[in-house]
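K.L.:
Could you have a look at this structure, given as structure tokens, before my questions?
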Amino acid sequence: MRLKNVKDGQEFSFLLTGLRNFLKTLDTSPQYLMELEQRAYYVVNEYSDKETKDNLDAARKRVIEYLEQIMTGSPADDCLLTILDNYYLFLEGLLERTPHRRGGIKKEQLSGLKIQNEYDVQHLLYAYLKPLYPLARAEVSEDTGYGTVRTDIFLDSEHVIEVKCTRDSMKLKKLIEEIEADMVHYHAEHIYFFIYDKEKIIENPRLFRNTYENKVKGKQIHIVIHQPKIL
């Protein structure tokens, strides 16, 4: 994180501007932005460079602590759902946008990258999330007491992501059975089902989401569905 190595107020101000713009793209609540401003404020002492630097360091630490709180400590808020909902924007930017003609990456190279199964979805989703959730881990095993389950993407002990990718041989009933089994097996309070409906077997995504969210007592179930146009 570049904030940890800030050298002066000008660099700090530059990084804060980028951070504000990023949070706005996530439709972050105004209260988060206000809290960020309050934590980033520090007094400049025109007579003492040392005191100004100490104040800057204190503000930098406050901002870092706040970012860890909202981005890794409590990922179950609207930010994570917005990020997961915007996953296809990431794919469009990576795979469908024509690279600069002077660059080394060619359009034909990107066109060869196709999502075939849930392992491909997991790989790209993990790369997409890792900069935002540095503590995230892939394929973490958990002992449930009556067996072992594997979490596709582990954010923390209370927040996990299970990836599903439909295939031409999969029936809707099979997908539902897998989701209902995972709801019970995972110990985490917040379970995010990231469904890449490649074959579009879910006819009504909104109804499907409403049916299975909040289905298990004591757990918060989140359903995110993407039905790709190209991949």
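K.L.:
Do any of Lys7/Lys61; Lys24/Lys198; Lys164/Lys200; Lys173/Lys198; Lys171/Lys198 go past 20 Å between their Cα atoms, and which?
P.N.:
Correct reply: Lys24/Lys198.
K.L.:
What does the accessible area per residue of the chain come to in Å², with a 1.4 Å probe and no ligands, DNA or RNA counted?
P.N.:
Heavy-atom accessible area per residue stands at 59 Å².
K.L.:
Given the options Ile179, Ile64, Ile105, state which has the largest fluctuation in a GNM of the chain using a 10 Å cut-off (strictly under) for Cα springs.
P.N.:
Maximum fluctuation in the GNM of the chain, among the listed residues, is at Ile105.
K.L.:
Moving on. Relative contact order for the chain: what is it in percent, counting Cα pairs under 8 Å that are at least 6 residues apart?
P.N.:
Relative contact order here is 14 percent.
K.L.:
Taking the Cβ-Cβ separation of Gln38 and Tyr88 as r and a Förster radius of 41 Å, what is the calculated FRET efficiency to the nearest 0.05?
P.N.:
E(calc), rounded to 0.05, equals 0.75.
K.L.:
For the chain, modelled as a GNM with alpha-carbon contacts under 10 angstrom, which of Gly104, Gly93, Gly218 fluctuates the most?
P.N.:
Of the options given, Gly104 has the highest mean-square fluctuation.
K.L.:
Right, here's the next one. Rounded to the nearest 10 Å², what accessible area does Phe14 show when all protein chains are kept and the probe is 1.4 Å?
P.N.:
130 Å²
K.L.:
Now for a different question. Heavy atoms only, probe 1.4 angstrom, no DNA, RNA or ligands counted: give me Glu108, Glu11, Glu158 ranked by accessible area, highest first.
P.N.:
Glu108, Glu158, Glu11
K.L.:
Follow-up question, since we're still on this one. Take the alpha carbon gyration tensor of region 89-188, find the square roots of its eigenvalues, order them as a ≥ b ≥ c, and report rounded if a/c is under 1.5; if not, report prolate when a/b exceeds b/c, else oblate.
P.N.:
oblate
K.L.:
Pick out which of Leu56, Leu81, Leu207 has the largest mean-square fluctuation in a Gaussian network model of the chain, springs linking Cα atoms closer than 10 Å.
P.N.:
Looking only at Leu56, Leu81, Leu207, the biggest GNM fluctuation is shown by Leu207.
K.L.:
Where does each of Ser48, Ser111 land when they are ordered by accessible area, with a 1.4 Å probe and the largest first?
P.N.:
Ser111, Ser48
The values are calculated or read from the model by the stated rules, or taken from the named source; none is laboratory data. As the structure is a prediction and not an experimental result, all values here were calculated from the model. Virtual Cβ from ideal backbone geometry, glycine too; neighbours counted across all protein chains shown. Please note that ligands, DNA and RNA were not included when accessible areas were found on the heavy atoms of the full protein model with its side chains. Shrake-Rupley method; radii C 1.70, N 1.55, O 1.52, S 1.80 Å.
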